[in-house]
Structures are given as structure tokens and as C-alpha cells.
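The values are calculated or read from the model by the stated rules, or taken from the named source; none is laboratory data. What you see is a predicted model, and the numbers here were worked out from it, not measured in a lab. Every residue, glycine among them, receives a Cβ derived from its backbone with ideal geometry; neighbour counts consider all protein chains shown. When the accessible area is computed, the model is the full protein with side chains, heavy atoms only, and any ligands, DNA or RNA have been set aside. Shrake-Rupley method; radii C 1.70, N 1.55, O 1.52, S 1.80 Å.
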Amino acid sequence: MKIKVTLMKNIPEGEVLILLRTKGSLLSEYTGDNFQVFAVEQVASVLGLMLNTSHPQKGADYLNTLMEVFLDMELEEKNRMARNTVEFIDSQIAGVSDTLSYFENNLQSFRSSNRTYDIAAESNTVFQQITSLEAELARERFNKDYFEELKSYLQNGNFEQIIAPSGLGISDPTLNSLISSLISLQSERSNLLFSQTEASPRVRELNRKIQDASSSILELIRNLSNSAQMKINDLEIRINSINRQFSRLPSTEQNLVRIQRGRNLNESIYNYLQQRRAEAAIAMASNFAANKIVEYAQASGNPIKVKQQAIYLIFLVIGFIVPVVIIGFIVIIDNRVKDPKELESLLSMPLLAKIPQNKADSSLVVLREPRSAIAESFRALKTNISFVVPMDQKLAVAVSSTLAGEGKTFTAINLASIYALNQKKAILVSCDMFKPNAMRDFELKSKIGLSNYLSQQVDSESDIIQKTENPFLDIIYAGVIPPNPSDLLGSYRFASLVKDLKLRYDVVVLDTPPVGLISQSLEVAKHVDMILFVLRQNFSEMSFIEDINDLKTKKGIQHLYAILNGVSAKDLAYKGYNYGYYEESGKKKKIASKRT
């Protein structure tokens, strides 16, 4: 596509913005709701036009041009039929004019060579009869040619090319009435197509009426054409009869009459066509538009009045319905654990604790912020565990989950820490050898751990036990990633290690791999007093609940308990007593520094 931009007048310096628009987008600006046609008064025949646009003067120019084009189209529609008549007659005159010139030249030459200028009385009588009949025959042939051409236009659907029969001297009232009705229907259809499509009911109804009128005209034309042919045949018979009388005349008079007859016949046809052409030209020149412009459009400086109440109502409804639909859709497709009460009703095991959401950067919340809400929730968990395993009895507990990210390592670290704060000798064992850096928050130097011991790279269990800042808490790292972590958890060496740790420590906490990733994670169930299964609010899926219940009902693991991690403040049991009563992450030191 090539675009040429020409500067029509001098403009001030600066940027010139050129907007290229499609025909459809441009039309939509000047049609539809922006363009209105209305009656000025109920009983008046005056129509008003109004256009809402951001450029008032441009809109006024458009309306004025639109009215002028409408009047031009109306006049063009009226002149179309007269123009078709003139063009048809001109085509006929061209042939008749040449023939007339030919006969006139022959007549002049014949008279000069034979010195004969008048026709005898008997020859004159025959001449007048033949001339009259041949003139009538020429008109009938002209009519028949018109009928055949009209028939061709109707069959091909070229209604715009139709010539009114009255303009050619054909005075059949029925044909003139049908042709006039067809032209009116075609004109109405053309006007409708400016604002409607072919599929419009009104256009389809007009198409049906046009088809009916066309069928009626075709039937009438066939009858008129047959009648014209019968007249032509009769006239030809009568002319032949007179020609037999004509053959008895002297040869010189026969030739003179023959030339004179041809000349007079073409002259009468020529005069007839010229008369009809003049009538059609006069009719075309006298046509004028039935409508007129009463007042030209003027640009209004008043802004468009906005229906504020309707707009407010629409946006209020949209603002209410759209959020409801979006929220409803999210609720329907969201299959995550949300309500702790619903979770308790679906679980076939007790829910021992609800752990608040950790907003700190470290997992060592209990050790670093012992008065926080998270620390209190782990104290509540320790108390609930004491109802299952007495406080004076040594405890071995495994912490697991369905998938990574539910907070099992966070739970294991802080569970061991809460026992250490209560001066219970505790050890935390990282059994998740797929994630050896899970305990990195302790910042211990040695990376030797459980995998090294189970694969017999280290002989003594003392070599893998590391001390932390708390004297009551020890830790065993996962070690390097082995090629067979599942087999190592199910080995005799792991069972012996857990047995020895239970003799040396009051509490043994095992951070096991997720059950959904390693099937051997449940092997540790044989060596512990209880298994804590961690779920996370707004993360764990509801389908996980059925899997956890199957561990107890189908696999027979009876010492299985659940913990909900990442619980929001509004769902905690102590929400009525002000969540801010406990120290939140990172706030203790700031408050102390302000008071000093």
C-alpha cells in the first residue's frame, strides 16, 4: 500500500499526526447512535438530522454534504429513465439517418439521369398506400424490438436499464403502470440498501415484490410481442398484395416509386424518433428533486448532554456483577485447603495444631523469637503431643507431607526447638536427602550427614551429630545426595541409628521426604511413636485429605496426626484476644530501641 501526503496549506511548526482508518471505522463514527433522523413535528413532512461528534464544524459540513448528495441522488434517479430513453433513441436514429441519406442520394441521382421528377396518378396512389403500410410496419417492428430488449433486461435483472414505454410512444396502460411500479420498487430498494443489508426483512420483502412485478411484466410482454408479430405479418401480406399492383407500372416509374418510398419511409421514422427524443430530453431537463433543504446544518457549541443516572446505574451494576462472577469462578475452581474447621471435619485423625503464617526470613522462629505467636503455637503442639505420648516418656516423631512446600521442614525445626527451650535433650535428623540444604539456617560448617553414615562412609554416629547454639538441641544434616536415598531409609543401619538416638535423647524429630515423592518415606513409621502430617492453608489441595485418610484406614498407620501450617490470623483460635499480643517477627528489637 502506498500513501502520499501533500501539504495543502502552511501550518505552524510542530508535529503533524496522521491517522489511517479503515472504511468501517470511519462509517461507524457517522452512523449508528451518533447519527439521528427525527421528525421536526408530528404532522409535518420535515425531517431533522443530528450528528454527535467531537468536531462540530466537521459534523455540520458532513450533514450539509449528505443532504445535497441525497437531493442529487433523487434527481439522478428521476433522470435515469429519461436518459435511458434518449440513449436508446440515439442508437436507432444513427442507423435511420444513414439509410435516409442513402435514399436521398439515390433519388437525386435517379431524377438527374432519367429526367423524371413527378409520379403519375396511378403510381401515386400505389405509392401512398405502400408508404402508409410500411410506416406502420416500421413502428410495429420498432415496438417488437423494444419488447425483446425489455424482456432481456428483466431476465438479466438489469432494472436500471429499463426504458419507460410511454417515452417511445407505446401507449399500453397496463405495461406503463407495471413498469412505473417496478421502477418505484427498485428505487425504494436502492435507498434501503444504504442503511440495511440484503438480509433485512424489508429488503427481502421488496425483492419479493420486484420479482412478482417482473414476472407480471414478462407475461404481458410475451402477449404484446405476439400481438406485434401478428400485426407485422398482416402488414407484410398487405404490402405484398400492393406490390403485385406495383409490378404492372412502367419500369422507370417502379424504380422512382421504390426509391421515393424508401426515402419517405426512413424520413417518417427519423422524424418520429427525433420527436420522441425531444420529448425525453425536455422531460429530463424539467425534472427537479421533490425534496429540498429547508435549513443547512450549523455547528453547536453546546457539549453533548450525558445521561449521568443511566451511566452510574450501568457501572454500578457492572461493578457489582463482575466481581461476584470473578469471585464465584475463583471459588469454584479453587480446590485448596482454606477452612480449618472444614479440614477437621474431613480428616479421620486429630488436628493437633494450627501454625500461623511465618513472615520472617528465617525458619528458626522458635529459637530467635520465643515469645512470638508461632512459638506459642508450637508450645500448644507440644502440649497436645503430651496427651498422646506422656511427658516422662522418650519421644520419636516423624514429620512429613504430601508435596514439597507445605512446611514440614519448618515444622520439624521448630518442634525440636520448642523441646530444646524446655531443656529437653532433642535431636533433629534431616532424612530428606533430596534436599541436603534444608537445614541451612543453622549455618553449621560440616556437610557430613545421614547419607554418609547410612552408606558407611562414616563409621560412628557421633561424627555426623553437630551442636547448635542451643545446648539442648543437636542436628544431623542430610549429607550429600546419594544415588539410592529410598533404599538407605529402609536399611537396617537407619533403624539401628534411630534406636540409638532414642536412647541418647529425650526427643528425636525426623524430617522425612514428602510421601507423594518417595514411597519409602513411610518406612520410618516403624521406628517412631507418631507421625505428624503437615498441610498448608491455601496451598495443599483438598484431594490430599483423602490420601492422608487412606494411610490410616487402608495402610493401618494408627499413630498418624495432622498439622495445618500457614494459617491466617483470622482463622486462629486466639484471634479474639488480639494477634498483636504476641511479638511479631522483627518488631521486638525495634520497640526496645525506641524505649531506650
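Okay, here's what the table says:
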{"quantity": "Cross-chain or 6+ apart pairs with Cβ under 6 Å, region 126-141 first and at pLDDT 75 or above, then open to solvent by 70 Å² or more (accessible area, probe 1.4 Å) and assigned to a helix (DSSP H, G or I)", "calculated": "133/238; 140/231"}
{"quantity": "Complete set of residues in region 326-364 that are open to solvent by 40 Å² or more (accessible area, probe 1.4 Å) and closer than 15 Å to residue 411 by Cβ", "calculated": "354, 357, 358"}
{"quantity": "Qualifying residue in region 331-341 (condition: modelled with pLDDT of 80 or more, in a helix (DSSP H, G or I), of a type outside the set (Gly, Ala, Ser) and touching a helix residue (DSSP H, G or I) at 6+ places or on another chain (Cβ under 7 Å))", "calculated": "yes"}
{"quantity": "Only listed residue being among the charged types (D, E, K, R) and in a helix (DSSP H, G or I), chosen from 78, 9, 2", "calculated": "78"}
{"quantity": "Of residues in region 373-412 being of a type in the set (Ser, Thr, Tyr) and buried (at least 19 other Cβ atoms within 10 Å of the Cβ), the one farthest from the chain's Cα centre (by Cα)", "calculated": "377"}
{"quantity": "All positions within region 167-190 that are part of a helix (DSSP H, G or I) and either touching a residue at least 60 places away in the same chain (Cβ under 8 Å) or among the β-branched types (Val, Ile, Thr) (or both)", "calculated": "167, 168, 174, 179, 183, 187, 190"}
{"quantity": "Residue within region 62-77 that is surrounded by 14 or more Cβ atoms within 10 Å (Cβ to Cβ), in contact with a Phe, Trp or Tyr (Cβ under 9 Å, 6 or more places away or on another chain), modelled with pLDDT under 75 and closer than 29 Å to residue 276 by Cα present", "calculated": "no"}
{"quantity": "Set 512, 468: member being hydroxyl-bearing (Ser, Thr, Tyr), open to solvent by less than 10 Å² (accessible area, probe 1.4 Å) and touching a residue at least 24 places away in the same chain (Cβ under 8 Å)", "calculated": "512"}
{"quantity": "Conditions (1) open to solvent by less than 50 Å² (accessible area, probe 1.4 Å); (2) among the hydroxyl-bearing types (Ser, Thr, Tyr); (3) modelled with pLDDT of 80 or more: number failed by residue 187", "calculated": "(3)"}
{"quantity": "Region 193-206, residues that are surrounded by fewer than 14 Cβ atoms within 10 Å (Cβ to Cβ) and in a helix (DSSP H, G or I)", "calculated": "201, 202, 204, 205"}
{"quantity": "Residue list for region 1-55, restricted to those being surrounded by fewer than 10 Cβ atoms within 10 Å (Cβ to Cβ) and in contact with a Gly (Cβ under 7 Å, 6 or more places away or on another chain)", "calculated": "38"}
{"quantity": "Residue within region 390-402 that is more than 28 Å from residue 482 (Cβ to Cβ), in contact with a strand residue (DSSP E or B) (Cβ under 7 Å, 6 or more places away or on another chain), part of a loop (DSSP other than H, G, I, E, B) and at pLDDT below 90 present", "calculated": "no"}
{"quantity": "Candidates 367, 415, filtered to the one that is touching a residue at least 12 places away in the same chain (Cβ under 8 Å) and surrounded by fewer than 23 Cβ atoms within 10 Å (Cβ to Cβ)", "calculated": "367"}
{"quantity": "Of the criteria (1) in contact with a Pro (Cβ under 9 Å, 6 or more places away or on another chain); (2) part of a loop (DSSP other than H, G, I, E, B), which one residue 469 fails", "calculated": "(1)"}
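For (1) open to solvent by 50 Å² or more (accessible area, probe 1.4 Å); (2) over 30 Å from residue 55 (Cβ atoms); (3) at pLDDT below 85, each residue gets a yes or a no:
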position: 252; (1), (2), (3): yes, yes, yes
position: 256; (1), (2), (3): no, yes, yes
position: 315; (1), (2), (3): yes, no, no
position: 321; (1), (2), (3): yes, yes, no
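Matching residues to (1) small (Gly, Ala, Ser); (2) over 60 Å from the mean Cα position of the chain (by Cα):
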| position | (1), (2) |
| --- | --- |
| 463 | no, yes |
| 474 | no, yes |
| 479 | yes, no |
| 533 | no, no |
| 550 | no, no |
